[in-house]
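The values are calculated or read from the model by the stated rules, or taken from the named source; none is laboratory data. Computed from a predicted model, the values in this text were never measured in an experiment. Don't worry about glycine lacking a Cβ; one is built from the backbone with ideal geometry, like all the others, and counts go over all protein chains shown. Please note that ligands, DNA and RNA were not included when accessible areas were found on the heavy atoms of the full protein model with its side chains. Shrake-Rupley method; radii C 1.70, N 1.55, O 1.52, S 1.80 Å.
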Amino acid sequence: MMQVDQKNHRKFLKKSTHLSYEIGFGFPAKLRAFEDQETIDFAWVAQQACGTVIFVMSESCGACRYDAIEEIVQSYSSFSYCMLLNGAPDCVETLLSMHAFLFPIIRTDFTHIRKVFNFDSVPFVIILNKKGQVISCGNFYNKKVSLEEKMWPLLEVFYSVPVE
């Protein structure tokens, strides 16, 4: 019969393995999408009039659906948007053939990006104020209301929309 370590049993349930990007810190002005590639300029996020929403998604993620993102972009057009997408070399073209996103979609290496932003799973969203500082972040469910909850700090300031 197997012995159960009572002291450490279910210890994994008591400590969180999910680490978020830290609130209040500035989004990096330069970011490597892949460990061995040139940096991509993200200085533009600190120059937006209303704020920026950055989605982190993966082509192989069964939970990553894009309908909620389409709804958010249509409902809140004042914000800037960007997506970091993990996937095969043609994943951006495949995504654009199914969705009419008019914001930058940057193919990335999930392994590298999650080290930079300290998160464990996707779909993940990073909300930045107009100065490029992180004001909210975390995983979201594939519903508009879930994204609105994460975006609440921006929505409250720019749209006066209380989230229920």
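Tabulated data for the structure shown
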| quantity | calculated |
| --- | --- |
| Residue that is surrounded by the fewest Cβ atoms within 10 Å (Cβ to Cβ), among those in region 128-164 that are within 27 Å of residue 62 (Cα to Cα), touching a Gly at 6+ places or on another chain (Cβ under 7 Å) and not charged (D, E, K, R) | 134 |
| Residue pairs meeting the criteria (Cβ under 8 Å; at least 6 apart or on separate chains; first under 15 Å from residue 45 (Cα atoms), in region 67-81; second assigned to a strand (DSSP E or B) and at pLDDT 95 or above) | 79/52; 79/53; 80/52; 80/53; 81/52; 81/53; 81/54; 81/55 |
| Test: residue in region 130-153 that is part of a loop (DSSP other than H, G, I, E, B), aliphatic (A, V, I, L, M) and over 13 Å from the mean Cα position of the chain (by Cα) | no |
| Inter-residue pairs, beta-carbon under 8 Å, first touching a residue at least 60 places away in the same chain (Cβ under 8 Å) and in region 97-121, second open to solvent by 40 Å² or more (accessible area, probe 1.4 Å) and part of a helix (DSSP H, G or I), 6+ apart | 120/114 |
| In region 100-120, the residues that are loosely packed, with under 15 Cβ neighbours inside 10 Å and either in contact with a Leu (Cβ under 8 Å, 6 or more places away or on another chain) or assigned to a loop (DSSP other than H, G, I, E, B) (or both) | 100, 102, 116, 118, 120 |
| Pick from region 31-47, criterion at pLDDT below 95 and charged (D, E, K, R), ranking: surrounded by the most Cβ atoms within 10 Å (Cβ to Cβ) | 32 |
| Residue that is in a strand (DSSP E or B) and open to solvent by less than 50 Å² (accessible area, probe 1.4 Å), where the choices are 61, 50, 82 | 82 |
| One residue from 22, 71 being part of a helix (DSSP H, G or I), among the acidic types (Asp, Glu) and within 25 Å of residue 146 (Cβ to Cβ) | 71 |
